[in-house]
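Bear in mind that the values in this text are calculations on the coordinates, not laboratory data. Computed from a predicted structure; not experimentally measured. Cβ sites come from the backbone with ideal geometry, for glycine too, and all protein chains shown count toward neighbours.
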Amino acid sequence: SPYSIRMVKGLRVGIIGMANLSSLNSIVEGGNSLQVTPLEQNEIARAYVNLLRPVTDLTVNVSHLGLVEDQDLVLGYEAYYEYERAKPFIEREHNPWQVLERIGDEDDPKAVVRVQIPGVSGIDVILGGHLHVVLNPPQSITDPSGRKVLLVHSGAFAKYVGRLDLVVKVPQEPAVDGAELVSHDYRAFPLDALWCDGEEADDVLPRL
C-alpha cells in the first residue's frame with residue numbers, strides 16, 4: 001500500500017511510504033523481476049499529498065530516499081529529461097517544471113532539457129533513512145507554501161531509537177491545510193552496551 005491513514009490521539013495522520021531507486025537492484029539486474037515502474041519522486045509524493053491532505057490533519061512521509069532526496073522533496077531540485085517526456089509537466093498550469101537549459105535541436109522531441117522540479121507543499125514531517133545518519137536536532141525546511149517541514153533521520157542498524165514528540169495546533173474550523181506543527185522534542189536514544197551487557201544481555205536477548 002503506498003499510503004495509510006491512522007488515528008493518533010484524535011488526529012488523522014496520513015502516512016506515505018517512499019523508497020530509493022538505487023536499492024531496487026531488480027530494476028537494472030535480473031530483468032526487473034519485481035516489475036517495478038520508477039516514478040519521479042516529487043510528482044508521486046505531490047499526487048499522494050494532494051489526495052490525503054483534504055482528509056487528514058497531518059501528512060507524514062516515511063522515506064528511504066536519502067537525506068538530499070528528502071530535502072529535494074520539499075525544496076525542489078534540478079534534473080535532466082527528454083523534452084518529450086517532460087513536456088506535460090512543463091506546460092501544466094499548477095506546479096510547472098521550469099526549463100533551465102535545452103540541449104540539442106529545438107525541433108527534436110528527444111532533445112534533453114535541464115529542468116527545475118518544484119518542491120512539494122503539504123508534508124508536515126519526513127521520517128527519513130538510507131544514508132545511516134542521525135539528525136539531532138532535526139532539520140526544519142520551508143516548503144513552497146511557506147509551511148515548516150520537520151526532517152528527521154535516526155541512524156541505522158538499530159543503533160538508535162528516535163522519538164519525536166509534536167505539539168500540534170488544530171484549526172477550529174475544517175481547513176485544507178489541516179493541523180500545524182507548533183513545537184517538537186526529538187531524542188535519539190543509543191542502543192549499546194550501556195543499556196545491557198554481560199549477564200543482563202543474555203537474559204534480555206532471548207525475550208526480544
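Note that the range 105-154, at 10 °C in a medium of 1.306 mPa s, gets a Stokes-Einstein diffusion coefficient of 117 µm²/s from its Kirkwood radius over C-alpha pairs.
With contacts taken as Cα pairs under 8 Å and at least 6 residues apart, the range 1-132 reaches a relative contact order of 28 percent. Take every pair of alpha-carbon atoms less than 8 Å apart whose residues are at least six positions apart; their mean separation over the length of the range 70-175 yields a relative contact order of 25 percent. With R₀ set to 45 Å, the beta-carbon distance separating ARG92 from ALA158 gives a calculated FRET efficiency near 0.55. The packing ranking, built from the mean of other Cβ atoms within 10 Å per residue, places the peptides 99-112, 74-87 in the order 74-87, 99-112, highest first. Only one residue of LEU151, ASN136, GLN172 has its Cα farthest out toward the positive end of the dipole of the range 133-185, where Lys and Arg carry +1 and Asp and Glu -1 on Cβ, and that residue is ASN136.
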